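The values are calculated or read from the model by the stated rules, or taken from the named source; none is laboratory data. Because the structure is a prediction, the values reported are computed rather than measured. Note: ideal-geometry Cβ built from the backbone for every residue, glycine included; neighbour counts use all protein chains shown. Just the protein is used for accessible areas: all its heavy atoms, side chains included, with ligands, DNA and RNA removed. Shrake-Rupley method; radii C 1.70, N 1.55, O 1.52, S 1.80 Å.
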Amino acid sequence: MTSPALGVCYYPEHWPEDWWERDAARMAEIGIKWVRIGEFSWSRLEPRPGQLDFSWARRAMDVLGRHGLKIIFGTPTATPPRWMVDKHPDMLAVDREGRRKGFGSRRHYDFSHLPYREEAARITRLIAEALGDHPALAGWQTDNEYGCHGTTYSYSPAARDGFQRWLAEKYGTIDALNAAWGNVFWSMEYDRFDQVELPNLLVAEAAPAHDLDFRRYSSAQVAAFNKVQYDILKARRPDLPVIHNFMSRYTEFDHFDVAETLDVASWDSYPLGHLATSNEPEEVKRLYLRQGDPDNAAFHHDLYRSVGHGRMWIMEQQPGPVNWADFNPDPLPGMARLWAWEAFAHGAEVVSYFRWRQAPFAQEQMHAGLLQPDSAPAPAYHEAQQVAAEIKALKLGGVAGKARVALVYDYQSEWAWDIQPQAKGFSHGAHVRALYAAFRKHGVDIDILPPSTQSLAGYDIVAIPALFAWNDALRAALADFDGHVLIGPRTGSKTQDFAIPPRLGPDLPSNLLDVKVIRVDSTDPALEVEVRGSGTVHHWRERIETRAQVVIEDAEGWPVLLHQGKLYYLGASGSKALIQRVVDHLIAEADLPTLALPAGVRCRTRDGLRIYVNYGAGNALLTPAADEADYVLGGPDMPGAGVTVARLATAG
């Protein structure tokens with residue numbers, strides 16, 4: 001495992017070769033240790049079919065290596081060159097409306113197109129052979145941002161044929177498929193697998209199990225595409241990590257499945273762009289316009305640490321304005337430093353800024369870098385230099401320790417509630433993030449677990465919100481767990497075949513939770529029902545029959561939160577105030593230690609340190625915690641966009 005360090009994304013093919021030496025020297029001068037190159041360079045590596053030129057890439061690696069920089073080389077399969085499209089015109093994906101996508105940007109390929117998958121394997125193998133022995137090479141990146149621009153799903157002939165083969169393998173017989181999908185409804189029964197079409201361009205919606213299986217199939221194609229490259233790269237250099245860079249709030253494929261053939265999960269953190277394009281309330285967007293959502297980046301750090309088997313990087317960190325939101329504000333001074341420190345607090349091994357120099361041409365010419373187009377330092381240049389000096393001085397090491405609270409996050413549940421939400425906008429991810437933010441406001445560390453987790457041991461509280469369907473592993477883990485558990489709303493309300501189970505509601509044995517949902521009420525979120533005590537219910541609520549104890553109920557007498565022993569069931573979606581109340585109750589029942597954090601301040605512990613970040617624009621005053629020995633960076637009076645690091649007394 002590498003020591004925490006900074007990196008940068010660099011594109012030597014964009015710049016005159018006589019610039020490379022000075023660029024590399026400046027990177028090393030400000031404390032950068034890692035450089036990613038290559039991921040968009042296929043047209044320069046193979047300008048014509050079979051006409052290979054790796055010499056420029058090796059010269060660039062020579063230059064970077066001379067300055068002690070370690071290189072991540074990205075396979076260029078996200079940007080197949082024009083001649084590739086001419087060779088395989090049917091490799092282009094087809095959108096939901098049946099329109100074939102074109103050449104002229106990036107990610108113009110169909111995951112189901114097997115000849116392109118072979119071409120991707122070929123160029124990956126050639127790169128591995130040509131560059132795999134370079135002394136500066138320290139890791140690989142597969143492709144770039146799988147699924148970006150809505151490219152996971154394709155409705156092409158290749159996808160249709162692949163889907164049919166996948167269904168035949170999964171179900172074995174067409175009768176089994178008909179039964180699983182409920183095809184007797186509306187006379188949708190098939191006689192053969194080759195009759196099954198893709199779930200688009202229908203008169204009405206497809207059967208939900210049909211749509212869900214298509215998403216499962218599409219996700220499996222992403223995993224298969226990644227595995228081909230992983231196997232080639234590991235065969236060439238088994239000692240080097242293989243990494244992919246995922247994204248924020250991107251859910252069209254199962255990242256846990258893809259990461260079965262990855263050594264490290266990285267992600268691309270653009271806090272201002274992500275907030276601007278999110279569905280967060282307008283008041284949140286105004287308050288954190290130049291800082292980003294205080295909990296979104298942290299959530300993804302914890303998610304991708306789990307996806308990456310405990311190893312997480314930031315492959316692209318926002319340094320200044322981006323170019324792809326409706327409005328692209330300049331970050332508050334200090335945020336490029338804060339974002340890096342927060343990532344390290346959550347276990348990042350490397351934080352790599354995107355990009356070294358702002359490009360003066362093409363689609364991303366308005367996307368900031370550490371340097372301006374004229375090579376003058378941009379503000380983040382000096383902030384990166386400061387971070388590098390700070391982590392070196394503090395000898396930051398170790399890992400993000402195991403938390404006492406865990407949340408289960410499930411990509412399949414994201415798909416299921418998108419297919420059949422019943423309440424527009426009902427989302428598994430929204431419920432997970434709401435709980436995450438409520439715990440985090442108390443300074444509580446949180447782990448994110450996959451739905452396949454086999455043990456919940458060591459946690460005080462585990463939450464499993466809005467889970468589409470149980471699996472055997474999670475049921476068994478829950479039965480063996482003796483801590484506090486929160487499930488609902490809608491957890492376990494469907495089977496894996498997208499049907500209502502015989503036992504309505506959370507589908508748990510009555511000795512664990514005696515709850516039966518007899519009616520659901522889906523309403524416009526603008527219509528709120530008061531909750532006795534504080535908070536409101538909106539969007540979703542359930543009429544429940546139960547012998548469990550009701551903890552919170554709404555003004556109309558519908559149970560909102562109930563419990564049976566240490567197992568709690570949330571029967572409604574609600575306001576932030578309600579979710580905070582639920583979390584506060586769980587924390588009190590579990591006797592979990594908390595911190596009194598000022599508004600906008602968040603924290604996480606790593607390597608005997610508690611790292612505080614202030615997302616507020618103004619000063620915030622920390623209350624020293626009883627388990628803290630002293631401050632080793634900053635102090636209790638935090639400026640806006642400030643960072644404070646406290647050493648824990650238990651760390652010695």
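Within segment 299-356, the residues that satisfy the criterion of being of a type in the set (A, V, I, L, M) and either assigned to a loop (DSSP other than H, G, I, E, B) or surrounded by fewer than 23 Cβ atoms within 10 Å (Cβ to Cβ) (or both) are Val322, Ala325, Leu332.
Can you find a residue in segment 489-506 that is part of a strand (DSSP E or B), touching a strand residue (DSSP E or B) at 6+ places or on another chain (Cβ under 8 Å) and not charged (D, E, K, R)?
Taking segment 489-506 first, the residues part of a strand (DSSP E or B) are none.
No: segment 489-506 contains no residue that is part of a strand (DSSP E or B), touching a strand residue (DSSP E or B) at 6+ places or on another chain (Cβ under 8 Å) and not charged (D, E, K, R).
For segment 281-298, which residues satisfy the criterion of being open to solvent by less than 40 Å² (accessible area, probe 1.4 Å) and either in a helix (DSSP H, G or I) or at pLDDT below 95 (or both)?
Within segment 281-298, the first condition is being open to solvent by less than 40 Å² (accessible area, probe 1.4 Å), and the residues that meet it are 284-285, 288, 291-298.
Across segment 281-298, the qualifying residues are Val284, Lys285, Asn296, Ala297, Ala298.
Among the residues of segment 553-594, just one is buried (at least 20 other Cβ atoms within 10 Å of the Cβ) and part of a loop (DSSP other than H, G, I, E, B), namely Gly571. For segment 176-197, the tally of residues that are of a type in the set (S, T, N, Q) and either surrounded by 18 or more Cβ atoms within 10 Å (Cβ to Cβ) or outside any helix (DSSP H, G or I) (or both) stands at 1. For segment 532-545, a residue qualifies if it is in contact (Cβ under 8 Å) with a residue 24 or more places away in the chain and either within 33 Å of the chain's Cα centre (by Cα) or surrounded by fewer than 19 Cβ atoms within 10 Å (Cβ to Cβ) (or both), and the qualifying residues are Gly533, Ser534, Gly535, Thr536, Val537, His538, His539, Trp540, Arg541, Glu542, Arg543, Glu545. Out of all the residues in segment 403-416, is one or more open to solvent by 20 Å² or more (accessible area, probe 1.4 Å) and either more than 19 Å from Gly310 (Cα to Cα) or in contact with a strand residue (DSSP E or B) (Cβ under 6 Å, 6 or more places away or on another chain) (or both)? Checked segment 403-416: at least one residue is open to solvent by 20 Å² or more (accessible area, probe 1.4 Å) and either more than 19 Å from Gly310 (Cα to Cα) or in contact with a strand residue (DSSP E or B) (Cβ under 6 Å, 6 or more places away or on another chain) (or both).
I'm trying to understand the selection: among the residues of segment 149-173, which are part of a loop (DSSP other than H, G, I, E, B), open to solvent by less than 60 Å² (accessible area, probe 1.4 Å) and touching a residue at least 24 places away in the same chain (Cβ under 8 Å)? If you could, list the steps in order and put the result at the bottom.
Step one: filter segment 149-173 for residues part of a loop (DSSP other than H, G, I, E, B), giving 149-156, 172-173.
Applying the additional criterion that residues be open to solvent by less than 60 Å² (accessible area, probe 1.4 Å) yields 150-156, 172.
Gly150, Thr151, Thr152, Tyr153, Ser154, Tyr155, Ser156 - these are the residues of segment 149-173 that are part of a loop (DSSP other than H, G, I, E, B), open to solvent by less than 60 Å² (accessible area, probe 1.4 Å) and touching a residue at least 24 places away in the same chain (Cβ under 8 Å).
What about Tyr146, is it touching a residue at least 40 places away in the same chain (Cβ under 8 Å), in a loop (DSSP other than H, G, I, E, B) and either open to solvent by 20 Å² or more (accessible area, probe 1.4 Å) or among the β-branched types (Val, Ile, Thr) (or both)? No; evaluated as a whole, the condition is false for this residue. Determine whether segment 95-106 contains at least one residue that is open to solvent by 10 Å² or more (accessible area, probe 1.4 Å), part of a helix (DSSP H, G or I), basic (Lys, Arg) and touching a helix residue (DSSP H, G or I) at 6+ places or on another chain (Cβ under 9 Å). Checked against the condition, which is being open to solvent by 10 Å² or more (accessible area, probe 1.4 Å), part of a helix (DSSP H, G or I), basic (Lys, Arg) and touching a helix residue (DSSP H, G or I) at 6+ places or on another chain (Cβ under 9 Å), segment 95-106 yields no hits at all. In this structure, Asp374 does not qualify as within 23 Å of the chain's Cα centre (by Cα), farther than 14 Å from Ala641 by Cβ and among the acidic types (Asp, Glu).
Checked against the criterion of being surrounded by fewer than 16 Cβ atoms within 10 Å (Cβ to Cβ), farther than 20 Å from Thr546 by Cα and touching a residue at least 24 places away in the same chain (Cβ under 8 Å), segment 499-520 has at least one qualifying residue.
Counting only residues that are of a type in the set (Val, Ile, Thr) and closer than 12 Å to Lys516 by Cα, segment 539-567 holds 2 of them. Of all residue pairs spaced 6 or more apart or on separate chains, those with beta-carbon atoms under 9 Å, a first member in segment 240-256 that is more than 22 Å from Ala128 (Cβ to Cβ) and basic (Lys, Arg) and a second member that is open to solvent by 10 Å² or more (accessible area, probe 1.4 Å) and in a loop (DSSP other than H, G, I, E, B) are Arg249/Thr277; Arg249/Ser278.
Does segment 456-465 include one or more residues that are surrounded by 18 or more Cβ atoms within 10 Å (Cβ to Cβ) and more than 20 Å from Leu592 (Cβ to Cβ)? No, segment 456-465 has no match at all. In segment 435-472, the qualifying residues are those that are in contact with a Ser or Thr (Cβ under 7 Å, 6 or more places away or on another chain) and hydrophobic (A, V, I, L, M, F, W, C), and the one that is nearest to Pro501 (Cα to Cα) is Ala469.
The residue that is surrounded by the fewest Cβ atoms within 10 Å (Cβ to Cβ), counting only those in segment 198-233 that are out of contact with any Phe, Trp or Tyr (no Cβ under 9 Å at 6 or more places or on another chain) and farther than 19 Å from Tyr109 by Cα, is Val203. Restricting attention to segment 84-94, the residues that are in contact (Cβ under 8 Å) with a residue 24 or more places away in the chain and open to solvent by 20 Å² or more (accessible area, probe 1.4 Å) add up to 3.
Tell me, yes or no, whether segment 137-144 has at least one residue that is in contact with an Asp or Glu (Cβ under 6 Å, 6 or more places away or on another chain), under 30 Å from Ala78 (Cα atoms) and among the β-branched types (Val, Ile, Thr). Checking segment 137-144: not a single residue is in contact with an Asp or Glu (Cβ under 6 Å, 6 or more places away or on another chain), under 30 Å from Ala78 (Cα atoms) and among the β-branched types (Val, Ile, Thr).
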